[in-house]
Structures are given as structure tokens and as C-alpha cells.
Amino acid sequence: MKVTVFGSGYVGLVTGVCLAEVGNDVVCIDVDQNKIDNLNKGNVPIFEPGLDVMVKENMAAGRIKFTTNIEEAVKHGTFQFIAVGTPPDEDGSADLQYVLAVAKSIAEHMDEYRIVINKSTVPVGTADKVNNVIFETQKKRNVDIDFDVVSNPEFLKEGAAIDDFMKPDRIIVGTDNPRTAELLKALYAPFNRSHERVITMDVRSAELTKYAANAMLATKISFMNELSNLAELLGADIEHVRNGIGSDSRIGYSFIYPGCGYGGSCFPKDVKALERTAQQVGYHAELLNAVENVNDRQKQVLVNKIKTHYDDNLQGKTFALWGLSFKPKTDDMREAPSRVILEALIDAGASVRAFDPEAMVEAKRIYGEKKGLTFVENAEVALSGADALVVVTEWKNFWSPDFELMKHALKDKVVFDGRNLYQPKLMEKIGLKYYAIGRGRI
Ligand SMILES: NC(=O)c1ccc[n+]([C@@H]2O[C@H](COP(=O)([O-])OP(=O)(O)OC[C@H]3O[C@@H](n4cnc5c(N)ncnc54)[C@H](O)[C@@H]3O)[C@@H](O)[C@H]2O)c1
């Protein structure tokens, strides 16, 4: 089948390459010339496990092409995926300018039937807006070409994106048109073999389903973070509590890890956008508001522990910082807790020696030459000359460090762990002062 994907970021690139992998003829289009030039040279601009090999293989097989040419892209695919960004607007609502610009481009160049598929995370009512833009643009062109707009939100996780796309838990198809639903089902058939994963519903419900999923996951995290703060005050250990409640099948173990706050390109902006959508229809979404506030506060928890330990005087202190990406297995630093933490430390007069296995390029792009911030080549080098260690992202290679080396390298022999990676008793035995999240009795 012929597929066009607008936007070659985390979602668009994975969508394009996975659809190509199963044999489709895919054109990926982006407005970022540099990104497309790199992709055409076989250089994948983001880190996502397995993605670079798949891009190269599918390019070599002639199943995927990258372009900035809108006309060529619109003429190519019966399926036109929209996978561009929907960043937060000033008031927190999703900024739809990129989505609607793509809709306009499609309408300006289409000359036969097209299915326009919203894969970007968009507020309820966006499909209607996309419909209107296409309708009005066609009217200006004096043409009346058949098209359908479908909501097909994406649920992939960065770090496991290819697996998630290839073996999705569900494929949501929002449309009132049974013919369009069948076409989408046919396109997704290769990812739907073991059992039926396609769930069809009306467009508005599909749009809301995506926000509901992210808001639910963010709620679980904020709930646990709230409890971790309480556990500290009560002298309980949140890790025991986590085990105790995770074993309840109604609760489950996933997304109940306490930590220094959630980040990333989705949860923060999607919770905000859903809150804003609620406001627009006159509803005060109290729970969503609390989820967001708890998370903002949680990003300060490590900073507060550090300041308390040093009696509010960080002047001249040097911190090794492990982990910059908002979670492991990605280089994405959008809304990452690391940013709040390192900026707070530097603002308070400290310096930071930062290391991340994959996000160094992104961090350098964001911060450039920032006073007080040094990027180093590995975790051990970060420790040398540092007074204390701050662990922010739970990359696998931070789980079992050489604690003796750590102890000798850190001048103040203190570790602030935002992900509860280590055993408090072991740290005490080694002779390292250890601060974690919600582990009151340590
Ligand atoms: N990143 C995730 O884990 C994830 C998961 C599920 C859903 N989503 C949603 O998917 C959407 C895309 O997210 P992302 O993380 O891939 O964003 P991204 O910022 O990585 O990529 C977006 C791309 O769209 C391009 N673009 C902008 N305007 C364009 C236009 N008019 N034509 C062609 N390309 C254009 C940008 O240059 C950029 O390369 C968002 O709505 C996001 O909420 C993201």
C-alpha cells in the first residue's frame, strides 16, 4: 500500500519505517531540511533502539523515501498520516498549527481520494477542524475530491517504540465510516495477526482515549510520588509499599515507581492539554490539576534534599549528575527532571558534571556552553572531582556501579538518588550517605 507520513520525529519515523518493514511503499516528509538530508544519508537523527538499522535496510530495499517535497508526498500515499508535533500553547492547550498546516498542504495538492490519519495527540474536536481545513481549501481550489479524516492515536513508548508499533496492545481507529475502518484494518493487518487488536470507535472517543491513557499513567506516577513524600514523614519505606500494592492484580506493578518526577514529550503536555480541554467546556478537572502540581513539586524533591544536606549553601560545590534523558533508552530531554535539577544546582552556585549514555548531543544542543555545566564522557569521569552524586535517570548501567570507586571519588561521600536504584543498607555499609525517594527508615 502507498503511505505518506508527515513528520519524521519519534512517532512519524517509527510509523514510516514499521509500515515499510512489512512491505508498504512509504514516503516520509518533514519540513526540517537538515533532518531529511541526514535521513537520506542513512543518519537517523534520534536515538531509538533498532531504528537506525531498520531505516537503512528499508531505504536499501527501496520501501522508504525521505523528502521535503509536499506535492510529491501528497501525490504518493492513499494513506496520509499526520505525525507532527502538538506542543503546548501558552495557555497549556495543544498547539494545532502544525497539524492544521499539514491538513492544508494535503488539500492543496490532493487530486484523488485520500485518507487523512491523525496520529499526533490532538484534543477532541481536531478531526472536525482538519475536515474543515481540507473542505475550505478544496473550495478555494474549486475542486471536490473525496477524503476521510480518521483518528488513530499512537501509544508507542520511546525506548521500545518499534516493538510497541509492531506488537501493539491495541490499535484505535476512530471513524464513523465503515469503509475507512476496513482500509485501516487492512493496513494494520500485519500487526494484528495473533488476535484482534483494532478497536473502532467514533472519532471523538478515539481522540479522548489517547489523553485518557496518558493521564491515567501520569496519575499513577503522581499518586506514588505523593505517597513517597508521606512515607518519608511517617518513617516508612515506599519501596516496600510499592511491592505491597503492586502485587494486587487490580493495581499492578507498572507505573508505580516513585521518583523525581515524570517528564518527556507526552505526559506533561497531555495532562495540561486535557485540563485545558476540560476548562473549555466549563469543567474543572481537579484530579488532573493535582497530578500536574504533584509532578512539578516532585521535580524539586531532590533539589530540596541537596539544599537541606548542605544547609542551603551550594556555592562552590560540584555535583556529578547521572542521566539527562527523561527516561532510559531515549535521548529525549523534553520536560526532563534533569533539566530542572541541573538548572537549580547551577543557579544556587554549584557546578555540574553531567553524563548520559545517549542524550549528550541533545543536552549540548539545549545548553551549549552553559556556565557551571560540563559534559563528560562516562559515569566514572563524572564522579572525579565531584563532591556528591545525583542520579536522575535509571539507565541500566547506573544500577551496579563500582561503589568503592564512587566512595573514593566523591569528596563529601554523599549520593542523592532520584530513582531508588541502590540498597540503603549497602550504601551505609560502604560508607556513603544515601538519600533516596520515600525511604524514610534508612
Ligand atoms: N514521542 C512519543 O513518545 C509519542 C508517543 C505517542 C504520541 N506522540 C504524539 O505524536 C506527535 C509527534 O510527536 P513526536 O515526539 O514524534 O514529535 P517530534 O517533535 O519528534 O517530531 C515532529 C516532526 O514534525 C515535523 N513537522 C512539523 N511541521 C511539519 C509539517 N508541516 N510537515 C511535515 N513535518 C512537519 C517536525 O519538523 C518534526 O520533525 C505529538 O502529537 C505527540 O504528542 C508522541
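Every number in this text was worked out from the coordinates using simple rules, so none of it is lab data. Note that this is a predicted model, so its numbers are computed, not measured. Glycine gets a Cβ as well: all are built from the backbone with ideal geometry, and neighbour counts include every protein chain shown.
So how much slack lies between H309 and K104, counting 0.36 nm per residue of separation and subtracting their Cα-Cα distance, in nm?
Numbers: separation 205, 0.36 × 205 = 73.80 nm, distance 5.56 nm.
Extra length from H309 to K104 when fully extended: 68.2 nm.
Over the C-alpha atoms of the chain, the Rg to Rh ratio, Rh being the Kirkwood estimate, stands at 1.01.
Computed over the chain with a Gaussian network model linking Cα atoms closer than 10 Å, the most mobile of V392, V294, V241 is V241.
For the chain, modelled as a GNM whose springs connect Cα atoms under 10 angstrom apart, the maximal fluctuation among I238, I251, I172 occurs at I251. In the calculated pair distance distribution of segment 61-104, what percentage of Cα-Cα distances lie above 17 Å? Of the Cα pairs, 45 percent sit more than 17 Å apart.
Multiplying the residue separation of D248 and V53 by 0.36 nm and removing their Cα-Cα distance gives an extension gain of 66.2 nm.
Legend: residue pairs K41/K327; K307/K370; K75/K327; K35/K220, Cα-Cα distance threshold 32 Å; pairs beyond threshold, K75/K327; K35/K220. Its alpha carbons give segment 49-133 an Rg and a Dmax of 14.9, 45 Å.
Along the charge dipole of the chain, Cβ charges K/R +1 and D/E -1, which of I245, G12, L405 sits furthest on the positive end? Farthest towards the positive pole: L405.
Between segment 34-81 and segment 179-196, the C-alpha centres lie 23 angstrom from each other.
How large is Rg/Rh for segment 304-374, to two decimals, with Cα atoms and a Kirkwood Rh?
Numbers: Rg = 12.1 Å, Rh = 12.4 Å.
Answer for segment 304-374: 0.97.
Taking only the C-alpha atoms of segment 292-442, the Rg (one decimal) and the largest Cα-Cα distance, Dmax (whole number), read 14.1, 41 Å.
Calculated FRET efficiency, K411 and D144, Cβ-Cβ r, R0 51 Å, to nearest 0.05? All intermediate terms of the calculation are to be shown ahead of the outcome.
On the way: r = 74 Å, r/R0 = 1.44.
The pair K411/D144 has a calculated efficiency of 0.10.
For the chain, a Gaussian network of Cα nodes joined below 10 Å ranks P88, P258, P401 by mean-square fluctuation, and the top entry is P401.
By the rule of a C-alpha distance below 14 Å, with chain neighbours fewer than 8 residues away ignored, the aspartates and glutamates paired with K299 are E226, E335, E343, D417.
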